[in-house]
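Note sheet for the following structure.
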Amino acid sequence: MTRPLTRGGTFLLASIAGTAIANNYAIQPALSEVATDLGVPLSVIGLVPTAALAGSMAGFALLLPLTDHLAANRLVAAQLTALAAALALGAAAPGAGVLLAAYLLIGAAAGVAAQAGSIAGRHAPPGRRGTGVATVAAGMSAGILLSRLAGGALTTVLGWRRMLLVFAALALLGAIAAATLLPRQRPHARRSYRATLTALPPLLRHHPELRRAVATGGLWYFAFNLIWVALALALARPPHSLDPTAIGLYSLAGLLGLAALPLTGRLTDRYTPHTVITAGMLAAAAGAALLATGLDTPPATAFGLALFDAGCFVAQAANQSRIIALNPRRSGSLSSVYLVLYFTIGAIGTALAAPLLNTLGWQGTTLTALAALLLAGALGRTARNHSGGAAYGSPVLRRHSDGC
């Protein structure tokens, strides 16, 4: 019998998720300084975020399924230790090649943030899965939102190499806490790790609900990346011509999403993830519609971004909760499939942002995102009808899913 995760353990996982995922973004404000220090073109150092994303995808595919095989305390501690080592390698990098290799490793190890969500959902007390997942999602979102501000400030004070060492120290502290406080029970896996990897692709065929989760989540992450990348490009151009610091301040609008996440967990536990997803998509669509009116009024832009981010964050937490509920014992494998495809679809939004902005303008780009959000909301309602509406709110069915 697995002992339920304490509230303190859930908050520890949230802190680990936030500080780990922040490493994928914290160096971005310092890229020009890194290029100057290493004596290479900015176009080369600009590949660092791409290396981090590629590493994250590999981590989701290869390391996230380990949550179905290894005890949480050992797995998280080992991965955070690897993250600290990769950050130290990046801090000591003599050239761009070593730095890019380090960020492949950093991105893969930072995938411990996704493992934290899976662990929180698996070890949550009865009837509290949505709350646990939402708490970790809040930590992860805070890490993403505040990482650039923290990375830029630390770089200004300490330099980019020492900034990486600060994050390495945080990873080591997290590893010590994880080894001491997280659950020590090893999951009862029915297959080997190699067999688990081989079984990942068929999960989409065997779980229609997973396919719907990928479709809905991919649509709003497509819209999320499309709007945020296009926003940075649009604000940097005339007539706005904002500097990077001013553009970065718009990311603080996402704090509304963090405030909404604890409520999301309670609503998901009480009702169904599908209901919460539909509500989130309506909020995000309202924000996108407001953004489509233009960027000439900063308060209106900030409010539109706040609604947009809150809706997407809320929907993501509910979506991850329903994925874990499909089979808690295989939550790592299910989350692995979901996140690999989720990030792949999101990368398409990132790639299309500049071409769509150049072709359709800001309004056309945001209306494209709005269409994706409305389609995601429609798919969310369809999924609720297929699953019978109250399945996730039923204690009987929840106990059944826990024993799959």
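The values are calculated or read from the model by the stated rules, or taken from the named source; none is laboratory data. In this text, all values refer to a predicted model and were calculated from it rather than measured experimentally. Every residue, glycine among them, receives a Cβ derived from its backbone with ideal geometry; neighbour counts consider all protein chains shown. Areas reflect the complete protein model, heavy atoms only, side chains present, ligands, DNA and RNA absent. Shrake-Rupley method; radii C 1.70, N 1.55, O 1.52, S 1.80 Å.
Overview of values
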quantity: Residues satisfying the stated conditions in region 157-183, i.e. under 18 Å from residue 52 (Cα atoms) and open to solvent by less than 20 Å² (accessible area, probe 1.4 Å); calculated: 160, 163, 164, 167, 168, 171
quantity: From the options 154, 87, residue that is open to solvent by 10 Å² or more (accessible area, probe 1.4 Å), of a type outside the set (Lys, Arg) and either out of contact with any Asp or Glu (no Cβ under 7 Å at 6 or more places or on another chain) or within 24 Å of residue 318 (Cα to Cα) (or both); calculated: 154
quantity: Boolean, residue 127 is surrounded by fewer than 21 Cβ atoms within 10 Å (Cβ to Cβ), modelled with pLDDT of 90 or more, of a type outside the set (A, V, I, L, M, F, W, C) and more than 15 Å from residue 20 (Cβ to Cβ); calculated: no
quantity: Total residues in region 349-359, condition over 17 Å from residue 235 (Cβ atoms) and either in contact with a Pro (Cβ under 9 Å, 6 or more places away or on another chain) or among the aliphatic types (A, V, I, L, M) (or both); calculated: 2
quantity: Residues of region 53-83 satisfying the condition of being open to solvent by 10 Å² or more (accessible area, probe 1.4 Å) and modelled with pLDDT of 95 or more; calculated: 77, 78, 79, 81, 82
quantity: Contacts under 7 angstrom Cβ, first residue in region 82-110 being on the phi < 0 side of the Ramachandran plot, partner in a loop (DSSP other than H, G, I, E, B) and open to solvent by 10 Å² or more (accessible area, probe 1.4 Å), 6 or more apart; calculated: 96/40; 100/47; 108/63
quantity: Residue list for region 349-366, restricted to those being under 24 Å from the mean Cα position of the chain (by Cα), under 22 Å from residue 307 (Cα atoms) and among the aliphatic types (A, V, I, L, M); calculated: 353
quantity: Which listed residue, of 214, 166, 157, is in a helix (DSSP H, G or I), under 19 Å from residue 311 (Cα atoms) and of a type outside the set (Gly, Ala, Ser); calculated: 214
quantity: Region 310-321, residues that are farther than 15 Å from residue 114 by Cα and touching a residue at least 60 places away in the same chain (Cβ under 8 Å); calculated: 311, 312, 315
quantity: Residue among 114, 134, 153 that is under 15 Å from the mean Cα position of the chain (by Cα) and at pLDDT 80 or above; calculated: 114
quantity: Top-ranked residue in region 294-320 [being open to solvent by 10 Å² or more (accessible area, probe 1.4 Å) and polar (S, T, N, Q); ranked as nearest to residue 280 (Cα to Cα)]; calculated: 316
quantity: Selection status of residue 280, small (Gly, Ala, Ser), modelled with pLDDT of 85 or more and crowded, with 23+ Cβ neighbours inside 10 Å; calculated: yes
quantity: Test: residue in region 325-348 that is of a type in the set (Val, Ile, Thr), open to solvent by 50 Å² or more (accessible area, probe 1.4 Å) and over 19 Å from the mean Cα position of the chain (by Cα); calculated: no
quantity: Conditions (1) free of Cβ contacts under 8 Å to residues at least 12 places away in the same chain; (2) open to solvent by 10 Å² or more (accessible area, probe 1.4 Å): number failed by residue 35; calculated: (2)
quantity: Contacts under 9 angstrom Cβ, first residue in region 171-182 being polar (S, T, N, Q), partner assigned to a helix (DSSP H, G or I), 6 or more apart; calculated: 180/73; 180/77
quantity: Residue that is nearest to residue 250 (Cα to Cα), among those in region 181-211 that are outside any helix (DSSP H, G or I) and among the aliphatic types (A, V, I, L, M); calculated: 182
quantity: Enumeration of residues in region 90-99 that are outside any helix (DSSP H, G or I) and either open to solvent by 10 Å² or more (accessible area, probe 1.4 Å) or hydroxyl-bearing (Ser, Thr, Tyr) (or both); calculated: 92, 94, 95
